[in-house]
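J.: Right, I'll just put the structure down here and ask away after.
The values are calculated or read from the model by the stated rules, or taken from the named source; none is laboratory data. The shown structure was predicted, so the numbers you read here are calculated from the model rather than taken from an experiment. Please note: Cβ atoms are built from the backbone with ideal geometry, for glycine as well, and neighbour counts cover all protein chains shown.
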2 protein chains.
Amino acid sequence: MKAKKTDFQECEDCACFAVRRAARAITQIYDRHMRSTGLRASQFTVLVVLELVGEPVPMSRLAARLGVERTTLTRNLRPLEAKRYITIRTSDDQRVRTVAITERGRAAAAAAMPSWRKAQAVVGKHVDNASLHALAALGSRA
Amino acid sequence: MKAKKTDFQECEDCACFAVRRAARAITQIYDRHMRSTGLRASQFTVLVVLELVGEPVPMSRLAARLGVERTTLTRNLRPLEAKRYITIRTSDDQRVRTVAITERGRAAAAAAMPSWRKAQAVVGKHVDNASLHALAALGSRA
DNA sequence: TTCACGTACGTGTATATACACCTATCTGCC
DNA sequence: GGCAGATAGGTGTATATACACGTACGTGAA
């Protein structure tokens, strides 16, 4: 009688592994393209969202928009605040802290657009839009 | 004449944002399911790959398989080594360090399989296989 | 009015991630 | 044999990520 061996073969299709590895690969492409701009892809994203929203956003709401843990956002904003790309201030409700993009931040994001477009084009050649939209839908739902 | 405003609308389709957000969401699903096992999804992945390879693997080759930076892997292995799920030893070529899964590691990975399957099933309901395979292909190519 | 409860947020801790840079070892050529 | 260049790997530093837990503030009911 053979010893019962666990079969790990099915783990080849691990969705978590696939999406994490893809995220690493894609992030590197963006970060390398954008290195000269002084903005990481993830930081660029924050600025863009702030710009698109168009008005100061409470921390929690921004976190929800970005799909990051609230506590993660707190630290992710640190480098952006240090560069004075954003400001964080207390609102009427003293519990709420709102995040706003500054002129500097807007300028930095605008300056990074060409690099972002190049990276977006490179990645676009490797992933079809359908997959991307499926992913986007998943991210926003969860 | 209006000031030239940068249009960030196109950034809504940022592939980097989409895949990173999806990775965060999916990782949380796996990690929450697997919490009781004491293994993070990413750690589980390392053990599975080691198991599937079936023999001690040099650091660099393992890093390539996982699609992580070599230097990232060095630190990612730390918790696994601390739990004695893996061993790292020098090989004939004194420069090369090979990583091997231990019996403890095998047992831990096997014990985590049910939780992994549940998470995999949950995520499978939200993403179609085609998108996943496209992603997997991208990750392995890059 | 006050207090219990809910809401908004930060910190401590641990892991994950990558780049720049450094060291140690191997290998082929002289 | 010995050195130049290639190869394998780690460390310093910075960012990204999330959970457990704690604190401050607001709000409605007693």
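J.: For region B:63-84, which residues satisfy the criterion of being more than 8 Å from DNA strand D (Cβ to nearest atom) and either within 14 Å of chain A (Cβ to nearest Cβ) or at positive phi (or both)?
T.: B:A64, B:R65, B:L66, B:G67, B:V68, B:E69, B:T72, B:N76, B:R84
J.: Condition check: surrounded by fewer than 13 Cβ atoms within 10 Å (Cβ to Cβ), more than 30 Å from B:T72 (Cα to Cα) and more than 8 Å from DNA strand D (Cβ to nearest atom). Does A:T90 satisfy that?
T.: Numbers: surrounded by fewer than 13 Cβ atoms within 10 Å (Cβ to Cβ): yes; more than 30 Å from B:T72 (Cα to Cα): yes; more than 8 Å from DNA strand D (Cβ to nearest atom): yes.
Considered against the rule, which asks whether it is surrounded by fewer than 13 Cβ atoms within 10 Å (Cβ to Cβ), more than 30 Å from B:T72 (Cα to Cα) and more than 8 Å from DNA strand D (Cβ to nearest atom), A:T90 comes out as yes.
J.: Restricting to region B:43-56, count the residues that are facing chain A (nearest Cβ under 8 Å) and either within 14 Å of DNA strand D (Cβ to nearest atom) or surrounded by fewer than 22 Cβ atoms within 10 Å (Cβ to Cβ) (or both).
T.: 2
J.: Give region B:75-85 a look and list any residue that's over 16 Å from B:T45 (Cβ atoms) and either surrounded by 17 or more Cβ atoms within 10 Å (Cβ to Cβ) or near DNA strand C (Cβ under 8 Å from one of its atoms) (or both), or say none.
T.: Answer for region B:75-85, where residues must be over 16 Å from B:T45 (Cβ atoms) and either surrounded by 17 or more Cβ atoms within 10 Å (Cβ to Cβ) or near DNA strand C (Cβ under 8 Å from one of its atoms) (or both): just B:A82.
J.: Checking the conditions here, which among B:A25, B:A111, B:A107 is under 27 Å from B:L132 (Cα atoms), modelled with pLDDT of 95 or more and away from DNA strand D (no atom under 15 Å from the Cβ)? Let's see the steps before the verdict.
T.: Numbers: B:A25 fails: away from DNA strand D (no atom under 15 Å from the Cβ); B:A107 fails: under 27 Å from B:L132 (Cα atoms).
Selected residue: B:A111, the only one of B:A25, B:A111, B:A107 that is under 27 Å from B:L132 (Cα atoms), modelled with pLDDT of 95 or more and away from DNA strand D (no atom under 15 Å from the Cβ).
J.: Also: Within region A:23-42, track down each residue that is buried (at least 24 other Cβ atoms within 10 Å of the Cβ) and either over 14 Å from the mean Cα position of the chain (by Cα) or more than 7 Å from every other protein chain (Cβ to nearest Cβ) (or both).
T.: Of the residues in region A:23-42, the ones buried (at least 24 other Cβ atoms within 10 Å of the Cβ) are A:23, A:26, A:30, A:39, A:41.
If the condition is that a residue be buried (at least 24 other Cβ atoms within 10 Å of the Cβ) and either over 14 Å from the mean Cα position of the chain (by Cα) or more than 7 Å from every other protein chain (Cβ to nearest Cβ) (or both), then A:L39 is the only one that fits.
J.: From B:T102, B:T72, B:T37, B:T98, grab the single residue that is under 19 Å from A:C11 (Cα atoms), hydroxyl-bearing (S, T, Y) and touching a Lys or Arg at 6+ places or on another chain (Cβ under 9 Å). Write out each step before concluding.
T.: Values: B:T72 fails: under 19 Å from A:C11 (Cα atoms); B:T37 fails: touching a Lys or Arg at 6+ places or on another chain (Cβ under 9 Å); B:T98 fails: under 19 Å from A:C11 (Cα atoms).
B:T102 is the lone residue from the list that is under 19 Å from A:C11 (Cα atoms), hydroxyl-bearing (S, T, Y) and touching a Lys or Arg at 6+ places or on another chain (Cβ under 9 Å).
J.: Another question about this same structure. How do the pairs read when you match residues in region A:121-142 that are in contact (Cβ under 8 Å) with a residue 24 or more places away in the chain with residues anywhere that are part of a helix (DSSP H, G or I) and among the basic types (K, R), using Cβ under 6 Å and keeping only pairs 6 or more apart or on different chains?
T.: From residues that are in contact (Cβ under 8 Å) with a residue 24 or more places away in the chain, the pairs are A:G139/B:R21.
J.: Would you call B:R117 near DNA strand C (Cβ under 9 Å from one of its atoms), loosely packed, with under 15 Cβ neighbours inside 10 Å, within 18 Å of the chain's Cα centre (by Cα) and not in a strand (DSSP E or B)? Quick ask: steps written out before the conclusion?
T.: On the way: near DNA strand C (Cβ under 9 Å from one of its atoms): no; loosely packed, with under 15 Cβ neighbours inside 10 Å: yes; within 18 Å of the chain's Cα centre (by Cα): yes; not in a strand (DSSP E or B): yes.
No: the conditions fail for B:R117.
J.: Of all residues in region B:57-72, how many are crowded, with 19+ Cβ neighbours inside 10 Å and in a helix (DSSP H, G or I)?
T.: The number of residues fulfilling the criteria is 3.
J.: Out of the residues in region B:5-56 that are within 15 Å of DNA strand C (Cβ to nearest atom) and not in a helix (DSSP H, G or I), state the one that is farthest from B:Q120 (Cα to Cα).
T.: The extreme case among them is B:G38.
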